[in-house]
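The values are calculated or read from the model by the stated rules, or taken from the named source; none is laboratory data. Computed from a predicted model, the values in this text were never measured in an experiment. Every residue, glycine among them, receives a Cβ derived from its backbone with ideal geometry; neighbour counts consider all protein chains shown. What goes into the accessible areas is simple: the full protein's heavy atoms, side chains included, and nothing from ligands, DNA or RNA. Shrake-Rupley method; radii C 1.70, N 1.55, O 1.52, S 1.80 Å.
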Amino acid sequence: MDKPQRGYWCECWTEGVTAETRPVLRASFDAYSAAQADRWVAVALRTISPALDPDVSEEAWEWLYDGRIATRRALLRAEPCTVSLTQASTRITWTIRPAIFLPLAHRQGLDIPACAHQFKPRTEPSTGTASQ
């Protein structure tokens with residue numbers, strides 16, 4: 001990829017519906033077509049549907065049969081889409097948003113600045129404060 005490319009940024013979030021908790025990002029995916037984006041959600045729904053309560057599983061399959069068509073049409077119009085299910089006290093939400101992916105610089109054949117060789121990855125979690 002040597003120039004910006006249109007695609008879709010997909011995320012899966014969970015959050016508690018009864019407690020005041022922050023949503024948690026569970027997965028993300030960069031899709032390069034509407035079909036690839038809605039397939040990502042479809043695979044997740046098919047995978048988890050056997051573990052869902054019967055009514056929630058039915059809701060998932062309704063999206064797979066009918067809602068997926070509407071989602072694909074919306075994505076082709078470059079509109080963001082959301083699919084949500086609530087199982088017990090957990091809401092699972094998949095979002096798909098149009099995106100433009102920028103290419104990364106290739107390192108092959110280029111002179112890398114000297115400072116790049118001084119980089120040392122952190123081995124301990126950041127505490128959010130700068131050290132002096």
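Scan segment 68-79 residue by residue and report those that are in a helix (DSSP H, G or I) and either farther than 14 Å from Ala37 by Cα or among the basic types (Lys, Arg) (or both). Walk me through it before giving the result.
Of all residues in segment 68-79, those in a helix (DSSP H, G or I) come to 68-76.
Arg68, Arg72, Arg73 - these are the residues of segment 68-79 that are in a helix (DSSP H, G or I) and either farther than 14 Å from Ala37 by Cα or among the basic types (Lys, Arg) (or both).
For segment 26-44, name all the residues that are out of contact with any strand residue (DSSP E or B) (no Cβ under 6 Å at 6 or more places or on another chain) and among the aliphatic types (A, V, I, L, M).
Within segment 26-44, Ala34, Ala35, Ala42, Val43, Ala44 qualify.
Going by the conditions given, is Thr71 touching a residue at least 60 places away in the same chain (Cβ under 8 Å) and either among the small types (Gly, Ala, Ser) or open to solvent by less than 60 Å² (accessible area, probe 1.4 Å) (or both)? Explain how you work it out, then say what you get.
Details: touching a residue at least 60 places away in the same chain (Cβ under 8 Å): no; either among the small types (Gly, Ala, Ser) or open to solvent by less than 60 Å² (accessible area, probe 1.4 Å) (or both): yes.
So Thr71 fails the test.
Which one of Ala78, Ala34 is touching a helix residue (DSSP H, G or I) at 6+ places or on another chain (Cβ under 9 Å) and under 22 Å from Pro103 (Cβ atoms)?
Ala34
When residues of segment 75-91 are filtered for being within 17 Å of the chain's Cα centre (by Cα) and either within 15 Å of Cys12 (Cα to Cα) or free of Cβ contacts under 8 Å to residues at least 12 places away in the same chain (or both), how many remain?
Applying the first criterion (within 17 Å of the chain's Cα centre (by Cα)) to segment 75-91 yields 75, 78-85, 91.
Subset that is either within 15 Å of Cys12 (Cα to Cα) or free of Cβ contacts under 8 Å to residues at least 12 places away in the same chain (or both): 80-85, 91.
So the count comes out to 7.
Just to be sure before I move on: is Val41 among the β-branched types (Val, Ile, Thr), at pLDDT 95 or above and either surrounded by 12 or more Cβ atoms within 10 Å (Cβ to Cβ) or within 17 Å of Thr95 (Cα to Cα) (or both) in the structure I sent?
Yes; evaluated as a whole, the condition is true for this residue.
Applying the selection to segment 98-121, what residues are surrounded by 10 or more Cβ atoms within 10 Å (Cβ to Cβ), out of contact with any helix residue (DSSP H, G or I) (no Cβ under 9 Å at 6 or more places or on another chain) and either modelled with pLDDT of 90 or more or of a type in the set (S, T, N, Q) (or both)?
Within segment 98-121, Ala99, Phe101 qualify.
When the residues of segment 7-38 are filtered to those that are charged (D, E, K, R) and part of a loop (DSSP other than H, G, I, E, B), which remaining residue is surrounded by the fewest Cβ atoms within 10 Å (Cβ to Cβ)?
In this case the residue turns out to be Glu20.
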